[in-house]
Amino acid sequence: MVIAKRGLVLGATAAVLTTVAVTGAGIHLSSQAFFRDSPKELVDEVWQIVDRNYVDGTFNQVDWQKVRNEYLSRNYTSKEEAYKAIREMLKKLDDPYTRFMDPEEFKSMQIDTSGELTGVGIQLSQDEDSKKLVVIAPIEGTPAAKAGVLAKDIILKIDGKSTDGMDVNDAVSLIRGPVGTEVTLTVMRNNQQKIFKLKRDRIEIHPVRYSRTQDIPGGVGYIRLNQFSANAAGEMRAAIQALEKQGVSGYVLDLRSNPGGLLYASIDIARMWLKDGGIVSTVDRQGVSDRQKANNRQLTNKPLVVLVDGGSASASEILSGALQDNQRAVLVGTKTFGKGLVQSVRGLGDGSGLAVTIAKYFTPSGRDINHAGIVPDVTIELNDAQRQELSRNREEIGTKADPQYAKGLEALQQQIAKHGRSASATR
């Protein structure tokens, strides 16, 4: 089965929306009637895909052949029984990112993120050690973000139901629902419980917003990138070109609370900032490395500061890591999330879908950031009061009232001065 490059998703997480971006994922067009009659064949197809593609040849120390024998020795009278068996089978890998989606979940996942979404606007992950459900990041402008849900919040209850032992898919099913209905989340933050009553809504997401500010002489091009969706690269290109025409002196690229998305969106965007140098290497279980490099299509060489935090994950870490390793940007903020895995997302014969972890990625210098994250060049933490203030008054994000942005301005001014001295020396 061929998977289009744009079907590769970085550290794929279950989005508590009706979609995450998987535009271009290959679809296996086997007969739906065949799988209705033979649900066991669906179980075997999932096993075969994992067997051929999973990133770890030991299957995380699981006897994968024994698993096949166990699950194919059963009789399945319905596709629902097959779905349950598949979820059980995949759970043995102990990998929250390799997951099965029923047809409704998969259809939701395929919706283009440039359209309207329905949900509360958070992306979830399952902590590999504690198995707790953790918010990677709220999507900006959504009900969750407006209510004050933050990256790293641990979801304890959904409408009063404990999440102990609950997998991400089950949590997503409980949180999603019709527009206008409510869901109550009980979260743990800094050893304190907080309760959020969220109203589900339709959400239109544009991944990029930008502005020119007069915070330093000559002006700053401020660009906020919320997620690496199918249209992120196009919107980023338009933003840089517009700001270049306005003659800004330098840029602040804000990747805070950006949970990631499509692999090739991050590569396309990196090429807009880099003239040459490496961007990322992905390595599969055979040790085959696919190295992506800049291609002399840089849109600007002006000084750049990148803002990151604990909600900056996967594709955000590829972009920020590439810019840091190539000494193209100064990173300001706090350590990133630490998600260095790539998934392929593909359709199955009955309309269901499967996400499989197929590779790890490394920054140009060879850093494996999975779990470790990327440490910024300039560290500045926000205290709880500052976080809450920015959550309540989101118009202050990317202004001097935003402490991390303010620190980024200081770093940018230093880079502009250095850039100016360098330019003078070459004349």
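A short reminder: the numbers here are calculations on the coordinates, not readings from a lab. Note that the coordinates shown come from a computational prediction; the quantities given were computed from them, not determined experimentally. Cβ sites come from the backbone with ideal geometry, for glycine too, and all protein chains shown count toward neighbours.
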Specify the residue with the greatest mean-square fluctuation among 139, 203, 374, computed from a Gaussian network of the chain linking alpha-carbon atoms under 10 Å apart.
203
Under-5 Å amide H pairs with residue 304, H placed in peptide plane, nonlocal only
251, 330
Checking 237, 256, 224 against a Gaussian network model of the chain (alpha-carbon springs below 10 Å), the top fluctuating residue turns out to be 237
Kirkwood hydrodynamic radius (Cα pairs, Å) of region 178-334?
17.2
Amide hydrogen neighbours beyond the local backbone of residue 203, cut-off 5 Å, H modeled:
117, 118, 119
Highest mean first, what order results for 345-351, 176-182, 311-317, 335-341 on Cβ atoms within 10 Å?
311-317, 335-341, 345-351, 176-182
Given charges of +1 on the Cβ of Lys and Arg and -1 on the Cβ of Asp and Glu, with all other atoms neutral, how large is the dipole of the chain about its Cα centre, in debye to the nearest 20?
1080
Karplus-derived 3J(HN,Hα), 6.51/-1.76/1.60, for each residue of region 130-135, Hz, glycine and proline x
7, 6, 7, 7, 10, 6
Could you tell me the convex hull volume per residue, in Å³, taken over the Cα atoms of the chain?
136
So for region 118-204, averaging the separation of alpha carbon pairs under 8 Å that are six or more residues apart and normalising by length, what relative contact order in percent results?
31
Please sort 240-250, 270-280, 225-235 by packing, taking for each peptide the average over its residues of neighbouring beta carbons within 10 angstrom, highest first.
225-235, 270-280, 240-250
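Please express the shape of region 224-276 as an equivalent ellipsoid: the semi-axes are the square roots of 5 times the eigenvalues of the C-alpha gyration tensor, given largest first in whole angstrom.
Values: eigenvalues 74, 31, 21 Å².
Gyration-tensor ellipsoid for region 224-276: 19, 13, 10 Å.
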Enumerate the amide H contacts of residue 280 below 5 Å, restricted to partners 5 or more residues apart or on another chain; note that Pro and chain-start residues carry no placed amide H.
292
Where both partners of a DSSP beta bridge lie in the chain, what percent of those bridges are antiparallel, to the nearest 5?
75
Length-normalised contact order for the chain - Cα pairs under 8 Å, 6+ apart - percent:
19
log₁₀ I(q)/I(0) of region 118-204 at q = 0.11, 0.15, 0.24, 0.25 Å⁻¹, via Debye over equal Cα point scatterers, no solvent, to two decimals?
-0.25, -0.47, -1.28, -1.40
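What's the local net charge at residue 165, with K and R +1, D and E -1, over the other residues with C-beta under 12 Å away?
Details: positive: 91, 131, 132, 161; negative: 164, 167, 170.
With Lys, Arg at +1 and Asp, Glu at -1, the neighbours total +1.
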